[in-house]
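First comes the structure, then the notes that go with it.
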Amino acid sequence: MSEKSSSSGSDEDVDPESGQQAEHGGVLSKWTNYIHGWQDRWVVLKNNTLSYYKSEDEREYGCRGSLCLSKAVITPHEFDECRFDISVNDSLWYLRAEDPEQRLEWIESIELHKAESGYGSETSLRRHGSMLSLTSAASALSATSASSFKKGHRLREKLSEMETFRDILCRQVDTLQKYFDSCADVVSKDEFHRDRVEDDDDDFPTTTRPDGEYNHNNNGSKEKLFAPASPKGMNGIDFKGEAITFKATTAGILSTLSHCIELMVKREDSWQKRLDKELEKRRRVEDAYKCAMHELKKKSHYGGPDYEEGPNSLINEDEFFDAVEAALDRQDKIEEQCHSEKVRISRPSSVTPGDAYSTIGTHRYVNKVEENVQNHMTYSLQDMGGDANWQLVIEEGEMKVYRREVEENGIVLDPLKATHSVKGVTGHEVCHYFWETDVRMDWETTIENFNVVETLSDNAVIVYQTHKRVWPASQRDVLYLSAMRKIMATNENDPDTWLVCNFSVDHDNALPTNRCVRAKINVAMICQTLVSPPEGDKEISRDNILCKITYVANVNPGGWAPASVLRAVAKREYPKFLKRFTSYVQEKTAGKPILF
């Protein structure tokens, strides 16, 4: 997970021709997937783009991925001081530097390239936002207008009436205006002639003028020479009729306006209700969209390091258990499909004579093997009573599984003990297939890789194995010494007893790695053969044989898996393991000579 600082440009370097930041490159650890975890990659920052290659030497073959930094979000990790995440829409990169200083240098370089890109400024966002708003407003106005007039027949009819009234009113105003102009002309002429009559009053006798102005009487009074104007005196206009019509027209306009206002108020209430419904629909759709995007983002990055087993994992215990259970179910289905093929494959397995397993040996772990054998023979075969606090968790026919809850520093160390009885096989045969490395992969379905690190003797080997990954739990590996022993009977009434013990050791050829969590084990398979006498002179057959199995397991899984998940998985998997293994032994020994 190291980051070799091999930059080709600093944060302050700028290309004088283009004015852009110079290239910045180096090795960062990138999270690939939950199988391969963190891998070193050559990362290059150039022209507002972050690209990565498998190595610096493979740059000529093209990058394996790139991100445009214009809208990238850089997030330093809250707990890991060397890690930072870069996200663009639904793309998310997890990166780790060698130390916090290197992380800070990369973050500053990325932020500087992002700032110099010219995108995302406030002015451009405001401009794009305004264009979007104008477009949306125009579309909404057009849609609303079309919908309103399509359904507003009564309002449209009233508006047509308003147009008709307007035309009538305009014509009436023109007619009345002509009448008023004619009246004004008559008044002006009348005043002009009156002034002339007054000026010539002394010079002219009182006579009656034919033009209809004034006639002066002898008593000094004047009579109007013009006849009074009739109602139709001005260009044939019926002033009274026009006034009545004008009044009726204005009354019709006011009435129609009132009706229009009433219709618009009602229509506004209807539109408001429809608007409220549309807003509620929009709110629900937006909420559903946010939830869908959240789930999509969660699923797209569900295999990221934040959802891995660890003290700061974002996945809760229920989700952790569901994911583990789903992965185990998938493994079971795959195993069922492959089971028939495994049965057809016949693997010859030579059985070493029993005397070879009764010797202690001379290898460097002799004392430790003997200590474990004695402890298991002393304590593992004890009954369930007493102060051991064994809890019966499963009982299926002849098989019983017990557990004692033990935790140390938050890690589950529950010892497990299972007892089982299997007909037709001997203790030697059961222990042989449990210990024999040549057939281990035939019945052990949880192992991914398996190899013998060192052979100590004919009955003792050091084995390294990695178990299949069950996401989101980390992958586990185990390095252990496996020894098989025949326990010599102290008296003739003791049953024939065999034992296989597996306990963790250290070895220079199998050191712990960051890829797996190293588990510690101390496991024993103790098998006792019980023989019932055959009838008459018949030979002993497999029908007369019963193997009593006691299986004890003390496992320290390491890591940070939740206690409830570990206990639930152990409760589920141990009975399946015993059934699968004993069925395998019965299949392998069927029809073969009995091996005591």
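The values are calculated or read from the model by the stated rules, or taken from the named source; none is laboratory data. Owing to the predicted nature of the structure, the values given are computational and were not obtained by experimental measurement. Using ideal geometry, Cβ is built from the backbone for each residue, glycine included, and neighbour counts are taken over all protein chains shown. Just the protein is used for accessible areas: all its heavy atoms, side chains included, with ligands, DNA and RNA removed. Shrake-Rupley method; radii C 1.70, N 1.55, O 1.52, S 1.80 Å.
Peptide packing for 169-175, 273-279 was compared via the average number of neighbouring C-beta atoms within 10 Å per residue; ordered from the highest value, the list is 169-175, 273-279. Here the Debye sum runs over all C-alpha atoms of the stretch 381-524 as equal scatterers in vacuum, and log10 of I(q)/I(0) at q = 0.10, 0.19, 0.21 Å⁻¹ comes out as -0.45, -1.43, -1.49.
A simple packing score, the average count of other Cβ atoms within 10 Å per residue, orders the peptides 368-376, 103-111 as 103-111, 368-376, with the highest score first. Evaluated over the Cα positions of the stretch 44-114, the convex hull gives a direction-averaged projected area, one quarter of its surface, of 4.9 nm². Applying Stokes-Einstein at 10 °C and 1.306 mPa s to the Kirkwood radius of the stretch 515-596, computed over alpha-carbon pairs, gives a translational diffusion coefficient of 99 µm² s⁻¹. Solvent-accessible surface of the stretch 21-117, taken per residue with a 1.4 Å probe and all protein chains present: 50 Å². Evaluated at q = 0.10, 0.18 Å⁻¹, the base-10 log of the normalised Debye intensity for the stretch 439-596, with identical point scatterers placed on the Cα atoms, takes the values -0.47, -1.26. Would you mind calculating the gained length between SER182 and ALA326 on full extension (0.36 nm times residue separation, minus the Cα-Cα distance), in nm to one decimal? Going from the current span to full extension adds 41.6 nm. To put it simply, the accessible area of the stretch 33-86 at a 1.4 Å probe is 44 percent carbon and sulfur. Ligands, DNA and RNA left out, the 1.4 Å accessible surface of the stretch 467-596 is 54% carbon and sulfur atoms. Per residue, the stretch 423-548 exposes an accessible area of 44 Å² to a 1.4 Å probe, with every protein chain left in place. With 23 Å as the limit on Cα-Cα distance, the pairs of LYS538/LYS592; LYS368/LYS579; LYS417/LYS548; LYS486/LYS520 that go past it are LYS368/LYS579; LYS486/LYS520.
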